[in-house]
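Heads up: the structure comes next, in structure tokens.
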2 protein chains.
Amino acid sequence: MSMRTHYCGLVTEALLGQTVSLCGWVHRRRDHGGVIFIDLRDREGLVQVVCDPDRPEVFKAAESVRNEFCLRITGLVRNRPEGTTNANLNSGKIEVLAQQLEVLNPSVTPPFQLDDDHLSETTRLTHRVLDLRRPQMQNNLRLRYKVTMEVRKFLDANGFIDIETPMLTKSTPEGARDYLVPSRVNAGNFFALPQSPQLFKQLLMVANFDRYYQITKCFRDEDLRADRQPEFTQIDCETSFMNEQEIRDLFEGMIRGTFKNVLDVELPNPFPVMQYSEAMGLYGSDKPDMRVKLQFTELTDVMKDVDFKVFSAAATMEGGRVVGLRVPGGGAMPRSEIDAYTQFVAIYGAKGLAYIKVNERAKGRDGLQSPIVKNIHDAALNAILEKTGAQDGDLIFFGADKAKVVNDAIGALRVKIGHSDFGKKNGLFEETWKPLWVVDFPMFEYDEEGGRYVAAHHPFTAPKDGHEDLLETDPGKAVAKAYDMVLNGWELGGGSVRIHRADVQSKVFRALKIDAEEAQLKFGFLLDALQYGAPPHGGLAFGLDRIVTMMTGAESIRDVIAFPKTQRAQCLLTHAPSEVDEKQLRELHIRLRNVEPAVKAS
Amino acid sequence: MSMRTHYCGLVTEALLGQTVSLCGWVHRRRDHGGVIFIDLRDREGLVQVVCDPDRPEVFKAAESVRNEFCLRITGLVRNRPEGTTNANLNSGKIEVLAQQLEVLNPSVTPPFQLDDDHLSETTRLTHRVLDLRRPQMQNNLRLRYKVTMEVRKFLDANGFIDIETPMLTKSTPEGARDYLVPSRVNAGNFFALPQSPQLFKQLLMVANFDRYYQITKCFRDEDLRADRQPEFTQIDCETSFMNEQEIRDLFEGMIRGTFKNVLDVELPNPFPVMQYSEAMGLYGSDKPDMRVKLQFTELTDVMKDVDFKVFSAAATMEGGRVVGLRVPGGGAMPRSEIDAYTQFVAIYGAKGLAYIKVNERAKGRDGLQSPIVKNIHDAALNAILEKTGAQDGDLIFFGADKAKVVNDAIGALRVKIGHSDFGKKNGLFEETWKPLWVVDFPMFEYDEEGGRYVAAHHPFTAPKDGHEDLLETDPGKAVAKAYDMVLNGWELGGGSVRIHRADVQSKVFRALKIDAEEAQLKFGFLLDALQYGAPPHGGLAFGLDRIVTMMTGAESIRDVIAFPKTQRAQCLLTHAPSEVDEKQLRELHIRLRNVEPAVKAS
């Protein structure tokens, strides 16, 4: 006989008069008028169970149960008495009159109430199993599953094949730091856990699988920020014989369909497409949050000869930039808020935050309120007003520094103001989904410290048609067939058309100052594969954790991962990582270095 | 414009008269009567492309192409000339008259012909990308994908949710050897890669997810046998509130449906169920190949007092066993074959292979031909003939030794004879699919060396109802709610109902001589979780690599894995594992031990 006939949360008036068997946990127990009410919970929801004294055995058992006891109940589905129905519950019109009550497993008193919304993350991660019983976490992980199934269905329908790539692979110290795995059989050698299946998926294209995907774990041993985990999950895709536009269209359709089918949200069709240069120009970011209705105004040329040194120095230095950020209605912003923003931009390296309040534009210089106005000549002032389009009552913030500092600081300020109460009250923020593609990334970024170019995306990204020669003559100008999908200021995913010709790949390695020997050592298997008629191919990878975090509105990606690590890369539940036996280390041909005797004697 | 309008292998007479654009590889190029024929290949198959001299540009390009060049061809679909159709090809009735031919990428001469069936595995794994282009490997990996999608659909329809468990987890040196990952942030500590998600899936049941699955990589650092890989893939499932029978029925349905939908094979419904004791008794194996129509005959009691010491000693020793294996028609087996079998069983530790040929049963002792008959008294001889049911012309092999040696040796002999030409000719082998469940495994096996019981399945397996007390009084007699699904002599998967009560779990740990402190250290998080109303739960895990190997008829699991490791745990394509920089080791707080300077200077 089956333990259960129905899920608790799915018992409705359709089952009136029937006897059901339910299994679940005591969510709440109330004694009321000589009768015991148990809210029994399973993954589908709650149902009210009534234990009355007419059945002494059941009643006695019910008296003994406490929260989180695991029960099996058999009983009769009946209408709740008039006036006691609960519209918030699927099962709110009925109750189950218990005829049998079996305690499948008792519970000690939980360390917290499951409906406590003010738990510290440490408490939640330490008692993760109980934390996962909470409806929010149940929803998060079920939505995560729905997303992956939608993605799989879409990719399947489009001819993509899930092919597993190795987890124990080769260390190629480029980009992030690898997690290493010592080899026992091959003494002194190490596997690396994959930072992504990038090269393997390219090899699968060369191997004629045509369309590949994988929802797979990737690993980066980096110091963790709020939205990072040592292991994270990518929706990794690659296709042959499609151009950039076709690839973008296809995967835009995947994301649009997923939002529609999982959240019933209609994303715009098509997504806007923005060049990298425009994104940096107008928003100081390659993942602009388009919900925020504020833009940069380029003022570098205007500021070259003003007396205000901060501006003129930035405007004339190599790689400097001056921008204005017009805040409509910002004239009403109190001084304290402006001061707070000044402190905020300092986080991003800005040395100050100049501003102009436009009180009466018609009055010219006299209508402006600002400590800096006196050092800016009329032509520049006029240009500021004209280019920003500032109106009476507006405020203009300025950023002037190296371009990176300006972009980071004023880009962050733009978002901060947009999301502020002020921004929301003044229509500077639209609460909606604003996806876009950012395209035409540069091939390379110049690494001042290393004195060389580094790949902006990764070294396997194809240059735009006609940009092959620039790889050798002027790498900084070469534009890549690379694209990022951005949603509300987050990068959901990114990818590129790849290099499919060995000669172009070699040019890129040369531009990156990777010599032939090093290239062969690290990427010989790729260069080799490209020689055998590698097809034109490209693809992209989405960050699943991030997509689900956005879709659930979770505060952290840790809330959409069943057993995440802390920012110290620890699992508070299992206490991983941990010490290991000396015998294990010996078998792996390694020993600890400069560490207090942290291993147990074997 | 799209690079391609159709897959090569899908161009059929339905497209007659249309212009198509195809992308693919030159499978063969033939010059014939002044015309060039190219068999163009993509993942869906071949199509014949005709390049005639009327189009000089196309013809000239076609002259330059060689095998494995990657081409884009635009042309007209037309009927093949009478008498030149190819019934083996989907596209065999048509050909494409090339109007444009673009070399997307040339190819150097491949190191082998793709249709060469006699490649060494080393060659294949070294040039894996080309090896994967071969139709057999394409089929294997596509079938693998089909299996996983069938499984996902089935599990989805049955309410199972895919939940990811950690790859960086805790080392619990029990069972196989862990792969370790040194922690950079937590000096001197190590993660382990999971041998299976066993404990996490149990925690997910305690956390009320009710039904979980995951198709996931598992890792065991063991010396590799033919059918093992350091990383392998499990279909891992767990459910709450279902009993053993329900669990078996459900997953039997999954496998039956998968075979039906992927291979169009009808597996029996229901699968036969066999007790572990019967499997060992009749076949000497807990995964008997039921295609082989041979069984053991238990003769231990019969042989206790015979003069033949090999038999009587085995029959009277603690843990000894004597069995007969009747081979119908085996009397015709030449002496050379019997000698070969004698050598074969020696591999399994058997010190010899006694046999009796039954020439004329009616003549009693005189009708038997055997070196051992003279030392076996009449009662025993009669019992042998009666119990084995041997007929004239049969042969009986004997195994006599410790039970393990007898089971291994005669079990293997049974399979060997069944699969031999002799076996197949004599109806001892049925070429079909023979699945079964093996159930009622013992909880524990006695480890002579360690002088203690070890878990036969794993320490989280529940005992049969009523066997809880045996855990303390007579652990060797306790039977587990454990089950294996076996197909044609391979274990496809196995699982158990788990212990859901902390007190029972503690009893099992005690039976395994794991004291409370050690249990807390290693499995504290599980014991803790069991206290909070853990539900009755159970599940199983299937070996995906093995299932697909069987379904494809591949010779090795390496043939159903895109990028496998060799038996030395190396990837011949990428040369993993490899040396790493001294800097990387330093960051991980480890150094090499007793290894020649295998690290490069940083």
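The values are calculated or read from the model by the stated rules, or taken from the named source; none is laboratory data. Because the structure is predicted, anything quoted here is derived from the model rather than measured. Note that we place each Cβ from the backbone using ideal geometry, even for glycine, and neighbour counts take in every protein chain shown.
Numbers for the structure displayed
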read-out: Selection from the stretch B:161-207 of residues that are free of Cβ contacts under 8 Å to residues at least 24 places away in the same chain and of a type in the set (S, T, N, Q); value: B:Ser171, B:Asn186, B:Asn189
read-out: Which listed residue, of A:Gln202, A:Gln136, A:Gln214, is within 19 Å of the chain's Cα centre (by Cα), more than 7 Å from chain B (Cβ to nearest Cβ) and within 30 Å of B:Glu68 (Cα to Cα); value: A:Gln214
read-out: Matching residues, the stretch A:63-77, being in contact (Cβ under 8 Å) with a residue 40 or more places away in the chain and over 18 Å from B:Ala534 (Cβ atoms); value: A:Thr74, A:Gly75, A:Leu76, A:Val77
read-out: Count of residues meeting criterion [surrounded by 14 or more Cβ atoms within 10 Å (Cβ to Cβ) and under 43 Å from the mean Cα position of the chain (by Cα)] in the stretch B:14-31; value: 11
read-out: Filter pass, B:Lys583 being charged (D, E, K, R), within 12 Å of another protein chain (Cβ to nearest Cβ) and more than 30 Å from B:Glu472 (Cβ to Cβ); value: yes
read-out: Filter pass, B:Glu468 being in a helix (DSSP H, G or I), surrounded by fewer than 19 Cβ atoms within 10 Å (Cβ to Cβ) and not assigned by TED's automatic domain parsing to the domain that holds B:Ala346; value: no
read-out: Number of the condition not met by B:Met149 [criteria: (1) more than 8 Å from chain A (Cβ to nearest Cβ); (2) under 25 Å from B:Gly45 (Cα atoms)]; value: (1)
read-out: Every residue from the stretch B:488-536 that is more than 33 Å from the chain's Cα centre (by Cα), among the charged types (D, E, K, R), surrounded by 17 or more Cβ atoms within 10 Å (Cβ to Cβ) and away from chain A (no Cβ under 11 Å); value: B:Lys507
read-out: Qualifying positions in the stretch B:552-585 - in contact (Cβ under 8 Å) with a residue 60 or more places away in the chain, under 30 Å from B:Gly188 (Cα atoms) and in contact with a Ser or Thr (Cβ under 6 Å, 6 or more places away or on another chain); value: none
read-out: Tally, over the stretch B:313-347, of residues that are at pLDDT 95 or above, outside any helix (DSSP H, G or I) and among the charged types (D, E, K, R); value: 2
read-out: Single residue of the stretch A:153-177 satisfying the filter (closer than 16 Å to B:Thr574 by Cβ and more than 7 Å from chain B (Cβ to nearest Cβ)) that is modelled with the highest pLDDT; value: A:Thr172
read-out: Options A:Ser107, A:Ser91: the member that is hydroxyl-bearing (Ser, Thr, Tyr), surrounded by 16 or more Cβ atoms within 10 Å (Cβ to Cβ) and at pLDDT 95 or above; value: A:Ser107
read-out: Members of the stretch B:56-110 that are within 14 Å of chain A (Cβ to nearest Cβ) and among the hydroxyl-bearing types (Ser, Thr, Tyr); value: B:Ser64, B:Thr74, B:Ser107, B:Thr109
